[in-house]
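Each value in this text was obtained by applying a stated rule to the coordinates, not by laboratory testing. Owing to the predicted nature of the structure, the values given are computational and were not obtained by experimental measurement. Every residue, glycine among them, receives a Cβ derived from its backbone with ideal geometry; neighbour counts consider all protein chains shown.
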Amino acid sequence: MSKQTDYTPEEWKTITAAPIMAGLLVTISDLSGPIGTAKEALAVVKGVTDTAAGTSNELIRSVADGIQKGGKPDLPDLPGDRALARTALLDGCKRALALVVQKSPAEADEYGKWLASLAKKTAEASKEGGFLGIGGTQVSDEENAAVKELSSALGLSAKA
């Protein structure tokens with residue numbers, strides 16, 4: 001099982017940013033307004049912290065513990081264009097998984113599934129459309145597409 005010391009500081013930065021990037025990918029796919037965006041941000045952080053207590057995967061626990069203890073991941077600068085930002089977020093998640101595959105292949109599958117599950121939790125956090133919580137859909141087509149795109153990019157089935 002790998003730990004932070006198995007990675008360079010730059011590699012660790014990529015690995016710890018990926019959970020937040022997975023959630024952010026969904027958030028920018030269909031902007032929900034300030035309340036919806038806040039709910040989605042909280043959902044990804046809650047998903048990460050819930051993981052800290054419930055996983056035997058040392059790498060995931062280490063990343064989750066760091067975030068839970070207030071270690072804000074250092075996210076890359078994102079382009080202002082939403083399409084380019086989505087691409088950068090997808091690429092960041094893929095790079096993080098590639099690092100785990102390279103250094104700790106036994107943990108890679110679970111790490112990739114974890115990233116996809118965080119994206120899904122983000123998508124489910126806030127209704128899209130409607131007015132004041134009335135009407136709308138739980139997960140928009142754009143959010144669903146982002147979850148599927150991330151799952152595919154990580155080599156997972158869309159049901160991750």
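What to note about this one:
- Protection-proxy order for peptides 72-84, 108-120, each taking the mean of Cβ atoms within 10 Å per residue, highest first: 108-120, 72-84
- Summed over qualifying helices (DSSP H, 4 residues or more, each -39500 (n - 2.57)) and divided by its residue number, the chain shows a 222 nm mean residue ellipticity of -23000 deg cm²/dmol.
- Across Lys39/Lys94; Lys72/Lys120; Lys3/Lys120; Lys69/Lys103; Lys39/Lys120, pairs whose alpha-carbon gap is larger than 23 Å: Lys39/Lys94; Lys3/Lys120; Lys69/Lys103
- Using alpha-carbon coordinates, inclination of helix 105-123 to the longest axis of the chain, degrees: 20
- Between helix 58-68 and the chain: long-axis angle, C-alpha atoms, 0 to 90°, nearest 10: 50
- Label assignment, Kirkwood radius over Cα pairs in Å derived from the structure, set (i) 16.1; (ii) 20.8; (iii) 15.6: (iii)
- Segment 9-73: C-alpha pair distances exceeding 12 Å, %: 68
- Options Ala123, Ala146, Pro79, ranked by Cα towards positive dipole end of the chain, top entry (Cβ charges): Ala123
- Student exercise, segment 11-79 dipole from Lys, Arg, Asp, Glu Cβ charges, in Debye to nearest 20: 180
- The C-alpha atoms of the chain define a longest principal axis, and helix 141-153 lies at about 20 degrees to it.
- Overall, segment 4-153 carries a charge dipole of about 220 debye about its Cα centre when +1 sits on the Cβ of Lys and Arg and -1 on the Cβ of Asp and Glu, all other atoms neutral.
- FRET efficiency for the pair Thr55 and Leu84, taken as 1/(1 + (r/R0)^6) with r the Cβ-Cβ distance and R0 = 45 Å, rounds to 0.85.
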